[in-house]
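Q: First, the structure itself, so that you have it in front of you.
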Amino acid sequence: MIPRKLKPFLCRMLSDYKPKNNVQDSYKILDLEEGCSLDDVRNSYHNLAKKYHPDSSSGVADSKAFIRVEEAYRVVLSDLSAKQKSDPGKEEEDQFKSKSLQHRHYLSFEGVGIGTPSQREKQYMQFRVDRATEQVLEYRQQRLESRYAGSDLSRAKDVRQSKKVKITQAVERLVEDLIQESMAKGDFDNLSGKGKPLQKFSHSPHIDPMTHNLNRILIDNGYQPEWILLQKEIRETIERLRKSIVASRRKLGEPMTLSKQKQWARICEQFAEDIRKLNKRVDNFNLVVPILSRQMVHFSTDKEILRARKTYETVLEKVSASDMKENDGEEDKWFGWKSSLMKWLKLAPK
């Protein structure tokens with residue numbers, strides 16, 4: 001793809017285009033003086049081309065200015081070539097021949113890519129990577145074909161084996177689909193033994209007798225895996241910590257004085273330290289538990305303290321409600337005695 005801005009310029013290059021600039025104006029456009037060397041001309045053209053090229057990131061990029069620079073460059077090269085022909089003491093003529101212009105490298109990359117030069121370069125690099133990958137795959141395929149070219153029997157055996165594997169997998173998928181369909185219909189709901197505990201020991205002939213006997217001995221002697229013991233210990237520890245912090249809050253009572261507030265702060269600090277130690281045991285538990293869904297999360301100190309406060313408030317509400325009921329009962333008793341006494345006084349003879 002040729003950029004739209006460069007199409008007119010390339011058309012002029014490929015046609016019999018004759019520049020309009022004279023020699024003196026061309027030197028002025030290139031900021032040079034007559035009698036300069038070929039390297040100076042090339043360096044000046046290279047700098048101006050980067051400055052005015054439409055695809056450059058320069059702020060003064062201008063296609064018209066770039067065309068004028070290119071025309072001046074051609075005129076100066078022609079002038080130097082003519083001087084070289086008239087002066088036999090200089091270098092050979094081929095040194096002054098116009099090499100490929102500096103902007104022509106933007107049209108390289110085997111014609112791959114569109115956009116700016118940097119974008120085309122990235123696309124060309126990706127094209128080379130894809131091409132190299134395809135060549136590697138073709139090479140490996142050729143090696144495999146050449147390796148098994150003379151062994152038709154082995155290839156036929158591989159084909160039969162692959163077909164056998166495909167058939168086995170298809171049968172397994174079909175059986176699994178039939179089982180799932182039957183479970184959805186409820187065909188397995190009336191099986192014998194549903195809802196009953198499994199047997200303590202299975203007498204399957206596929207189990208090693210030594211392993212079976214060892215498992216039976218361990219279970220009979222109360223053996224439990226490590227992760228079960230850790231889980232039980234963690235649950236018991238968190239329940240004990242929760243009860244202890246609620247009991248400590250009840251001992252402080254209401255309202256809390258300044259000394260009681262300091263004491264409560266110390267209790268909370270100790271509780272936070274206990275929770276930190278408990279979370280370490282949770283980490284150890286998560287490392288040994290064999291089931292991913294059984295893993296535990298860390299306990300939050302703030303949430304546990306907030307939970308203890310809510311529990312304490314609930315206990316206070318229950319105690320206040322029971323006290324109000326007792327007071328109401330005593331008032332009812334006093335009112336009953338008073339009313340009976342008044343009735344007796346009214347009925348007494350005067």
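The values are calculated or read from the model by the stated rules, or taken from the named source; none is laboratory data. Since we're looking at a predicted model, the values are computed, not measured. Here Cβ is always computed from backbone atoms with ideal geometry, including for glycine, and neighbour counts include all displayed protein chains. Heavy atoms of the whole protein, side chains included, go into the accessibility calculation; ligands, DNA and RNA do not. Shrake-Rupley method; radii C 1.70, N 1.55, O 1.52, S 1.80 Å.
Q: How about segment 30-65: which of its residues are open to solvent by 40 Å² or more (accessible area, probe 1.4 Å), farther than 21 Å from residue 116 by Cβ and not in a helix (DSSP H, G or I)?
A: Within segment 30-65, 31, 33, 34, 35, 37 meet the criteria.
Q: I'd like the full set of residues that are open to solvent by 40 Å² or more (accessible area, probe 1.4 Å) and not β-branched (Val, Ile, Thr), limited to segment 279-295. Step through it out loud before you land on a result.
A: Taking segment 279-295 and keeping what is open to solvent by 40 Å² or more (accessible area, probe 1.4 Å), we get 280-281, 283-284, 287-288, 290-295.
Those that are open to solvent by 40 Å² or more (accessible area, probe 1.4 Å) and not β-branched (Val, Ile, Thr): 280, 281, 283, 284, 287, 290, 292, 293, 294, 295.
Q: Of all residues being part of a helix (DSSP H, G or I) and surrounded by fewer than 10 Cβ atoms within 10 Å (Cβ to Cβ) in segment 146-159, which is modelled with the highest pLDDT? Just the residue, please.
A: 146
Q: Can you tell me which residue is farthest from residue 120 (Cα to Cα) among those in segment 16-49 that are modelled with pLDDT under 80 and of a type outside the set (Asp, Glu)?
A: So the residue we want is 35.
Q: For segment 228-260, give me the residue count where each residue is open to solvent by 100 Å² or more (accessible area, probe 1.4 Å) and either in contact (Cβ under 8 Å) with a residue 12 or more places away in the chain or within 36 Å of the chain's Cα centre (by Cα) (or both).
A: Of the residues in segment 228-260, 4 are open to solvent by 100 Å² or more (accessible area, probe 1.4 Å) and either in contact (Cβ under 8 Å) with a residue 12 or more places away in the chain or within 36 Å of the chain's Cα centre (by Cα) (or both).
Q: Looking at (1) exposed (fewer than 15 other Cβ atoms within 10 Å of the Cβ); (2) modelled with pLDDT of 85 or more, which is the only condition residue 68 fails?
A: The one condition residue 68 does not meet is (1).
Q: Just checking, which of 172, 236 is more than 30 Å from residue 279 (Cα to Cα), of a type outside the set (Val, Ile, Thr) and at pLDDT 80 or above?
A: Values: 236 fails: more than 30 Å from residue 279 (Cα to Cα).
Within the list 172, 236, the selection yields 172.
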